[in-house]
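To start, the structure itself, in structure tokens.
The values are calculated or read from the model by the stated rules, or taken from the named source; none is laboratory data. Quick caveat: nothing in here was measured; it's all calculated off a predicted structure. Cβ atoms come from the backbone with ideal geometry, glycine included; neighbour counts cover every protein chain shown.
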Amino acid sequence: MKFVTPAAKANFTIAADGTPPTIPFETDGTGPHSWEWTITWKTFTKKGKVETPDNKLDGATFLQDLGGTLEVRATMPAAAGKPAQVATVKVTITGTNPTIHDVTVYLATKADSAGFSAILEHESRGRQFNTAGEPIKSYDNGYGMCQLTTPKPTMEQVWSWKRNVDGGLKLFASKVTDARNYLSQSGRTFTDAQLQHEAVCRWNGGAYHTWDGKAWVRNPDILCDTATGNNGWDMTKPENSGKTEAELHKRDKDEYKRGHKKGDLWKPSGVCYADAILG
């Protein structure tokens, strides 16, 4: 027994709206078939089994939100004195990036998403896939449009931009809650813009505002390196005090390439992250 379709090593593409590709699996056998499928990409794997009354199977029925290398094993049970017959085929599935409009429309259906589109633009420019149609991945194992890192994303969140955004929004919702609780402490009031800045800052780390005795203000101790987007300096450190942004950038810029280390006089800053994204 052998596969009639698809051709070995054929490539199929997930649509920009996330619709899985139709993959017509068909053997030259007859009668009921058992199908075992395994899809893998890097450290992610999914498996499943399907029974059909004939020799055909549509891959779209089990490939929702999945991509990578797909291996399908078809088995035709023994019958009429003939032994069981087996055939195997491998294909690949790649992805297509949505348009900015697609993402904006999707976010509009979600609660507490204000400011999140700016995060997506900053993190990945609204892309889920690289030029090869595979999920984008950062040096620190952040995956997809939202650069999901911790908790580790599921395979569906890695391959589906919608599931990736859902995962990002769930995390962002916790940041919004933390920001609201922080700003409303002791019965203090705040604006929508302050809540947005506080939540976006916490996505990267730390608090954006401090209380000056009368109102919430941006943390005055943080000076940002506007050439980088999210690096900055704690100006209460004696080594930084009194220096300009230009002077500090010249001093520390060569260290940025290797990443932040304990003891550095600069650091990735949620305050600077929010400033770069929201202004």
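Note on region 121-139: residues that are over 9 Å from the mean Cα position of the chain (by Cα) and of a type in the set (A, V, I, L, M) total 1.
Would region 155-174 turn up any residue that is in a helix (DSSP H, G or I), touching a residue at least 24 places away in the same chain (Cβ under 8 Å), out of contact with any helix residue (DSSP H, G or I) (no Cβ under 8 Å at 6 or more places or on another chain) and not hydrophobic (A, V, I, L, M, F, W, C)? No, region 155-174 has no match at all.
Within region 184-200, being closer than 18 Å to I277 by Cβ and touching an Asp or Glu at 6+ places or on another chain (Cβ under 9 Å) holds for H197, E198, A199. Candidates D54, D28, D58: the one that is modelled with pLDDT of 95 or more and surrounded by 14 or more Cβ atoms within 10 Å (Cβ to Cβ) is D58.
Please determine whether any residue of region 2-11 is among the β-branched types (V, I, T) and either under 24 Å from T131 (Cβ atoms) or at pLDDT 95 or above (or both). Scanning region 2-11, I find at least one residue that is among the β-branched types (V, I, T) and either under 24 Å from T131 (Cβ atoms) or at pLDDT 95 or above (or both), so the answer is yes. One residue alone among R218, R202, R188 is more than 22 Å from P268 (Cα to Cα) and either of a type outside the set (A, V, I, L, M, F, W, C) or in contact with a Phe, Trp or Tyr (Cβ under 8 Å, 6 or more places away or on another chain) (or both), and that residue is R188. All conditions but one from (1) touching a residue at least 40 places away in the same chain (Cβ under 8 Å); (2) in a strand (DSSP E or B) apply to A16; the one that does not is (2). Could you tell me which residue of region 61-88 is surrounded by the most Cβ atoms within 10 Å (Cβ to Cβ), considering only residues that are modelled with pLDDT of 95 or more and charged (D, E, K, R)? This residue is D65. Among the candidates V89, V105, V72, single out the residue that is out of contact with any Gly (no Cβ under 9 Å at 6 or more places or on another chain) and over 30 Å from A193 (Cβ atoms). After applying the criteria, what remains is V89.
Considering only residues in region 80-113 that are free of Cβ contacts under 8 Å to residues at least 12 places away in the same chain and farther than 30 Å from K137 by Cα, the one that is nearest to the chain's Cα centre (by Cα) turns out to be A84. Among residues belonging to region 163-187 that are crowded, with 18+ Cβ neighbours inside 10 Å and of a type in the set (K, R), point out the one that is nearest to the chain's Cα centre (by Cα). Within region 163-187, the match that is nearest to the chain's Cα centre (by Cα) is R163.
Quick one: in region 1-23, which of the residues that are of a type outside the set (A, V, I, L, M) and farther than 20 Å from T96 by Cβ is surrounded by the most Cβ atoms within 10 Å (Cβ to Cβ)? If we take residues in region 1-23 being of a type outside the set (A, V, I, L, M) and farther than 20 Å from T96 by Cβ, then F3 is surrounded by the most Cβ atoms within 10 Å (Cβ to Cβ).
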